[in-house]
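One structure below.
The values are calculated or read from the model by the stated rules, or taken from the named source; none is laboratory data. The shown structure was predicted, so the numbers you read here are calculated from the model rather than taken from an experiment. Note that each Cβ is placed from the backbone with ideal geometry, even for glycine, and that neighbours are counted across all protein chains shown. Accessible surface is based on the protein model in full, side chains and every heavy atom, while ligands, DNA and RNA are left aside. Shrake-Rupley method; radii C 1.70, N 1.55, O 1.52, S 1.80 Å.
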Amino acid sequence: MSEYTVVGQKLPRVDAVEKVTGAAQYGADVHPAGMLYGKIVRSKHAHANIISIDTSEAEKLPGVRAIITQDDVPSGRRVFATDKVLYLGEPLAAVAATDPDIAAEAAELINIEYEVLPVVQDVMEAIKPSAPHIQGDETKDGPKRRDISAKIKELAADQDNDHAAEIQKLEAELNNYDDEIYHNISAESHTEAGDVEKGFAESDIVVEDTYVIPRVHQTYMEPHVSVASADSSGKITVWASTQGPFAIRSGIAGTLGIPLTQINVIGTTMGGGFGGRFGVIITHVPAVLLSQKAGRPVRVQMTREEEFLDGRPAPGCVIKLKTGATKDGQILARQALAFWDSGSVSGASIGSTIRVRGVYKIPNIKIDAYGVHTNKSGTAAYRAPGAPQAIFAGEAQLDDIAEQIGMDPVKFRLMNMREEGDEVPAGGSEPKVGYKETLEAVADAAGWWDREADDNQGWGVAVGDWTNGCGPGGVYVSVHEDGSARIFHGSMDITGTDTAITQIIAEILTVPYDSVTIRRGDTDSAPYSTGSGGSVVTFTMGNTAKLAAEDAHKRILELAAERLNTNEDNLELKDGAIHVITADPPKSISLGELAAYSLSTTGGPIVGKGSFARQSSTPALAAQIAKVEVDPETGRTRILKLVASQDVGFAINPMAVEGQIEGGTVQGYAWAMMEEMQYNDNGNVNPGFVDYRVPTSADLPTVESVIVEVPAPNGPYGAKGVGEPPITPTLATMSNAVKDAIGVRISELPIKPEKVVDALKNNGHGA
Amino acid sequence: MKNFEFYEPTTLAEASQLFAQEHTQLLAGGTDIVIEMKAYTESPQSVVSLQKIPGLSGITCDADNSITIGAMTNVREVELSQHIQEHHTALAEGASEIGSVQIRNLATVGGNIAHASPAADTVAGLLVADAQVQIVGSDGERSVPINELFTGPGQTVLKPGEIITQFTLPSPASGSHYIKHKIREVMDLAFIGVASSINLEDDTITDAKIGLAAVAPTPIRATEAEELLKGKSITPELIGQAGEAAAAATSPISDLRCSAEHRKEMVDVLTQRTLQYALERARS
């Protein structure tokens, strides 16, 4: 029996009624008087020089109230392309008009003259010298060239000896690796621990493969939207559909050179984010610029097509991975060379390549990762950014080793998993973790140990690890004279976080869950809050809420001690009333009575304040097992069973946690089996839900969720972030299950029917 | 979408006259045209609704089991019709593959055919049913066999002002089946669609029809494969040969959905499967 009464309970969400009835206000529901409709003018080519932009015809169209280009950005920060476009759909200008059709027509009337340039979309082509150069001509060295250059540098630094001959030899050797001079590199990241060459040499089995993971979109239901209104004093209000209103405020201030206090961002109810709803310039900045120029409120709302062309999806990548192990199942070395498709910007989660190390004891690792420019839009976060890609490679290869050794994939993983105190490859030592418990839980729940499979059926297992982030936050809680309480804060609700915060406050104030209400303020009114991404909200705002409730609790006891003529040590807050523990007969005062009393005395309103900075969390594991059936003739795969366990630390609301596990697992399934943004020299060719397939409920069985609770010492009640981990293993889970069914590894996702048919043919299994 | 004139005529003659004007589109269920207009890929000056014209929807079955389907009959009705399910199973199965239930409640079989997508889900079933397409225009009525209706992607033999009014399906085959090759279980477009129908007498095939979608610029019949089957008793070898012959009849393209080679291979596989199912239905 739990010691808690509100946390740990499957309680309905605080926003359930407004969501179900349609009362919730989304960005597109905002319609201030006089509002204009904005439309962004986008590049019609994937790579081209801009010769000229002529807005004169559009300006003449009746109903057009403002047209902006990069010339209208006072700070000069890049909002619109000027001399060159890098991808299909890149913004070049924006218009505001009295009607969306007029705005669309005006956008078409803006005459842009292009000089079309050669295009490169494939990362392995983009790194070659023959590829068109997208941004700059700088090159970077690959792993072998880096090693040789390091040796040369080391020898040259040795003043005491003459290494001229050796250096000359090494310099000659460099020329053997001309194919390791990479072009179009946007970023690089290198990590090494131990000696991989030695590890491979000592291994009985070495497996190497190349894993290709496609670029996928977050496909949140609500497209990007913002409504901006600049008043005559220069004050700007932005209704923004975003995961982080405070980040949007500082982003707009920085981009446009406006003081923070001149900007108020009102976060509207979010129709999903998954990491993709932090962008400042996608719609918010154009809306502000248009409103400033037109002197009227302006809405800029993306279509679904625009989402695909100019959203910030998850990067695709190519990972070459090599693993060595002994024949009795000990992993000795793992080396990765990864190329992440960062599109037109830099970054693209390349640091996440380290996650190929998984949760295993691996004494020798080496990771070389590169971000590569292509003619695509930039990328951003998507639920555990970079982890599903890297973990797919790591966990798929692990199964291939287990098969070669002849070990059960679950036993092989359990044997190599780290525990508390074990060294994390290139990363310190492990705190208390629940890796083995979580894997064992899913294996037991799925019936792994006595699993059966008919012809063309297979079972797959994989695990993924992730640690939630943390950020600053502030919460106020007020206790009212009727005994109810109200929470005030500034963080965006993301799939039930407001509910978790409410449960925590109700728990500490010992009042019924439904007597506590929660309100989100805008950036003008609410205390600062970190953005709702990185699985931070329940961890950060849960801790903040706890501090606020404890602060109120303290004040309640002070006031009650005065009222009841005793000292605080004799008091207990329980069931919404303050009791004198020592009194006989019992003596108490209800919270409402106390709140009313303190309003009419010197006490004042009961207000608790929570202000929280940062604490570190501990790693969470998600472990999954799938059973599939593959039709070898058509290549279609049906998933028959999907079981997902996750170490959540402590489930503040187990129903919401199960929802997160189900949602993340389904997104992982989709990435493995069907989702893929496709490109050719013209740009993205499937910018819509006809040819960018997300699964429906008909594609999957009910996800069976298993909650494991190994508490995080710094989490509220031990809770860890739950949003991101469940997507991390599913790509590998599916690939491993398909391999078990057909005997062939599909290492290039998604596992489309055609790939299965071809793979079977190429391996002599085909009809 | 851009502004347009909207007409709701109550007679076919009036509708035909309006539709004969340039830059005019017909509105049946609206599940294609409305989306195209919202995306500005179609911006007609006039839209002529067929929804107020009486007598264009409904399914009737005569004593000899020949069936007529009004062009404005919604796809959901085709999917659920006892007559269609019993006598033209492949057509009912094809109808059940279109979009979602909500879409099928709006979309019409006439619209699905007149839109002339090579991947339309009702077309393979209508091909193996040997449907006749009834057409009304300013020159009066005419009838075109469904396999002569299409001339290219989005193109038909319909002349300006001509409107499809109904489909007539002669006495049915004894068994038919449709399979759509797709990735997603529901609400996907056909990578290819295959329908087969078989007439059986004493285990000899007296007639066979194979209709193929999304494997050529228009939906097609695999007539050589059909000829192979006629007059013979079914064997696994014969079904295999029919599959190969059907694949040979196609001229698919490679596109973002899959390669031409995969489409050909799947025509072979799914022709065999649909024949097998059609055969089982014919025998039962």
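Treat every Asp and Glu Cβ in the stretch A:480-602 as -1 and every Lys and Arg Cβ as +1, leave all other atoms uncharged, and give the resulting dipole magnitude about the Cα centre to the nearest 20 debye.
160 debye
Using a 10 angstrom cutoff on alpha carbons, build the Gaussian network for chain B and name the most mobile of B:Asp62, B:Asp121, B:Asp268.
Ranking B:Asp62, B:Asp121, B:Asp268 by mean-square fluctuation puts B:Asp62 first.
Amide H to amide H, which residues 5 or more places from A:Thr467 or on other chains are under 5 Å from it, using H placed in the peptide plane?
A:Ala620
State which entries of A:Lys320/A:Lys411; A:Lys761/B:Lys182; A:Lys144/A:Lys366 exceed 22 angstrom in Cα-Cα distance in the structure shown. Working shown, then result.
Values: A:Lys320/A:Lys411 25 Å; A:Lys761/B:Lys182 20 Å; A:Lys144/A:Lys366 12 Å.
Checking Cα-Cα distances, A:Lys320/A:Lys411 exceed 22 Å.
Inside 10 Å of the C-beta atoms of A:631-640, what's the mean count of C-beta atoms belonging to other chains?
For peptide A:631-640, the averaged partner shielding equals 3.
If the cut-off is a Cα-Cα distance under 28 Å, which lysines reach B:Lys2, setting aside same-chain residues fewer than 8 apart in sequence?
Candidates past the 8-residue exclusion: A:Lys39, A:Lys44, A:Lys60, A:Lys293, B:Lys38, B:Lys52, B:Lys159.
So if we plug the beta-carbon distance of A:Thr261 and B:Gln17 into 1/(1 + (r/R0)^6) with R0 = 51 Å, what FRET efficiency do we get, rounded to 0.05?
According to the calculation, E is roughly 0.20.
Which residues, if any, in the stretch A:681-703 lose at least 40 square angstrom of accessible heavy-atom surface (probe 1.4 Å) when the other protein chains sit next to their chain rather than the chain being alone?
Residues of the stretch A:681-703 that lose at least 40 Å² of accessible area once the other chains are added: A:Asp691, A:Arg693, A:Thr696.
Between A:Met124 and A:Asp631, what is the label-to-label distance in nm when each label sits 7 Å out along the Cα-to-Cβ direction?
3.0 nm
Identify which of B:Lys38, B:Lys52, B:Lys182 has the largest mean-square fluctuation in a Gaussian network model of chain B, with springs joining Cα atoms closer than 10 Å.
Checking each option, the largest mean-square fluctuation is seen for B:Lys38.
When only the heavy atoms of the protein chains count and the probe is 1.4 Å, how do A:Tyr37, B:Tyr40 rank by accessible area, highest first?
B:Tyr40, A:Tyr37
Which of the peptides B:20-31, A:93-104, A:630-641 is most tightly packed, and how do the rest follow, judged by the mean count of other Cβ atoms within 10 Å per residue?
A:93-104, A:630-641, B:20-31
Between B:Pro219, B:Pro54, B:Pro172, find the one with the highest GNM mean-square fluctuation for chain B; connect C-alpha pairs within less than 10 Å.
Checking each option, the largest mean-square fluctuation is seen for B:Pro54.
Quick one: putting +1 on the C-beta of Lys and Arg, -1 on the C-beta of Asp and Glu, what dipole do you get for the protein assembly as shown around its Cα centre, in Debye to the nearest 20?
So the dipole magnitude of the protein assembly as shown works out to roughly 1900 debye.
First measure r as the distance between the Cβ atoms of A:Lys153 and A:Ala24, then evaluate 1/(1 + (r/R0)^6) with R0 = 60 Å and state the FRET efficiency to the nearest 0.05.
On the way: r = 60 Å, r/R0 = 0.99.
Efficiency computed from Cβ-Cβ geometry: 0.50.
Any idea what the dipole of the stretch B:175-283 comes to, in debye rounded to 20, about its Cα centre with Lys/Arg Cβ at +1 and Asp/Glu Cβ at -1?
The dipole magnitude comes to about 380 debye.
Toward the positive end of the charge dipole of the protein assembly as shown, about the Cα centre and with charges on Cβ (Lys, Arg +1; Asp, Glu -1), which of A:Pro585, B:Gln134, A:Gly267 goes farthest?
The residue sitting farthest along the positive end of the dipole is A:Pro585.
Sorted by accessible area (1.4 Å probe), largest first, how do A:Arg277, A:Arg745 line up?
Most to least solvent-accessible, the answer reads A:Arg745, A:Arg277.
Using only the Cα atoms of the stretch A:469-592, what are the Rg and Dmax in Å?
When restricted to Cα atoms, the stretch A:469-592 yields Rg and Dmax of 15.8, 52 Å.
Based solely on its DSSP helices, what 222 nm [θ] is calculated for chain A when runs of n ≥ 4 H residues each add -39,500 (n - 2.57) and the sum is averaged over all residues, nearest 500 deg cm²/dmol?
-8500 deg cm²/dmol
How many angstrom lie between the Cα centre of the stretch A:1-71 and the Cα centre of the stretch A:337-412?
About 33 Å separates the Cα centre of the stretch A:1-71 from the one of the stretch A:337-412.
Simple spin-label model, 7 Å along Cα-to-Cβ: A:Asp444 to A:Ser611 in nm?
4.6 nm
Please name which of B:Ile146, B:Pro160, B:Ala90 has its Cα lying farthest along the dipole of the stretch B:59-169 towards the positive end, using unit charges on Cβ (Lys, Arg +1; Asp, Glu -1) and the Cα centre as origin.
Farthest towards the positive pole: B:Pro160.
For A:Asp691 paired with B:Glu237, estimate the spin-label separation in nm (one decimal), with each label point 7 Å from Cα along the Cα-to-Cβ line.
About 4.3 nm separates the two model spin labels.
Of the options B:Thr206, B:Gly58, B:Ala119, report the single residue whose Cα projects farthest towards the positive end of the charge dipole of chain B (beta-carbon charges: Lys, Arg +1; Asp, Glu -1).
Highest projection toward the positive end goes to B:Ala119.
For a quick check: with amide H placed at 1.01 Å from N, whose amide H comes under 5 Å from B:Thr165's, ignoring anything fewer than 5 positions away on the same chain?
Under 5 Å from the amide H of B:Thr165: B:Gln134, B:Ile135, B:Val136.
When the label point is put 7 Å from the Cα of A:Lys44 along its Cα-to-beta-carbon vector, which residues of the stretch A:107-151 have a backbone N closer than 17 Å?
Backbone N within reach: A:107-117.
Looking at chain A, send over the antiparallel percent of its DSSP beta bridges, to the nearest 5.
Numbers: 99 of 129 bridges.
Around 75 percent of the beta bridges assigned by DSSP in chain A are antiparallel ones.
Take every DSSP beta bridge whose two residues both sit in the stretch B:1-120, then give the antiparallel share in percent to the nearest 5.
Within the stretch B:1-120, antiparallel bridges account for around 35 percent of the total.
Near the amide H of A:Tyr679, under 5 Å away, which other amide H atoms are found, from residues 5 or more places off or on another chain, if H is placed in the peptide plane?
A:Val685
Taking R0 as 22 Å, what's the FRET efficiency between A:Arg519 and A:Thr5 from their Cβ-Cβ distance, rounded to 0.05?
Efficiency for this residue pair is about 0.40.
Per residue of the stretch B:39-52, in order, report the coupling 6.51 cos²θ - 1.76 cosθ + 1.60 (Karplus, θ = phi - 60°) as ³J(HN,Hα) in whole Hz, putting x for Gly and Pro.
8, 6, 7, 10, 10, x, 7, 9, 10, 10, 7, 9, 6, 9
Using the Karplus curve 6.51 cos²θ - 1.76 cosθ + 1.60 with θ = phi - 60°, work out ³J(HN,Hα) for each residue of the stretch A:331-338 in order, rounded to whole Hz, and write x for Gly and Pro.
So the J values, rounded to whole Hz, are 7, 9, 7, 8, 10, 10, 10, 10.
Percent antiparallel among DSSP beta bridges with both residues in the stretch B:59-169, to the nearest 5?
100 percent
Could you please report the charge total around B:Val101, scoring K, R as +1 and D, E as -1 over all other residues with beta-carbon less than 11 angstrom from its beta-carbon?
So the surrounding residues net to +1.
Hey, what do the phi angles of the stretch B:180-196 turn into as Karplus ³J(HN,Hα) couplings, whole Hz, using 6.51/-1.76/1.60 and θ = phi - 60°, x for Gly and Pro?
Once θ is set to phi - 60°, the couplings for the stretch B:180-196 become 10, 8, 7, 9, 8, 4, 10, 6, 10, 8, 5, 5, 8, x, 10, 10, 10 Hz.
Residues of the stretch B:163-212 losing 50 Å² or more of accessible area relative to the isolated chain, 1.4 Å probe, heavy atoms only?
B:Ile183, B:Arg184, B:Glu185
Note down the Stokes-Einstein diffusion coefficient of the protein assembly as shown in µm²/s, whole number, using a Kirkwood radius over alpha carbon pairs, 37 °C, and 0.692 mPa s.
101 µm²/s
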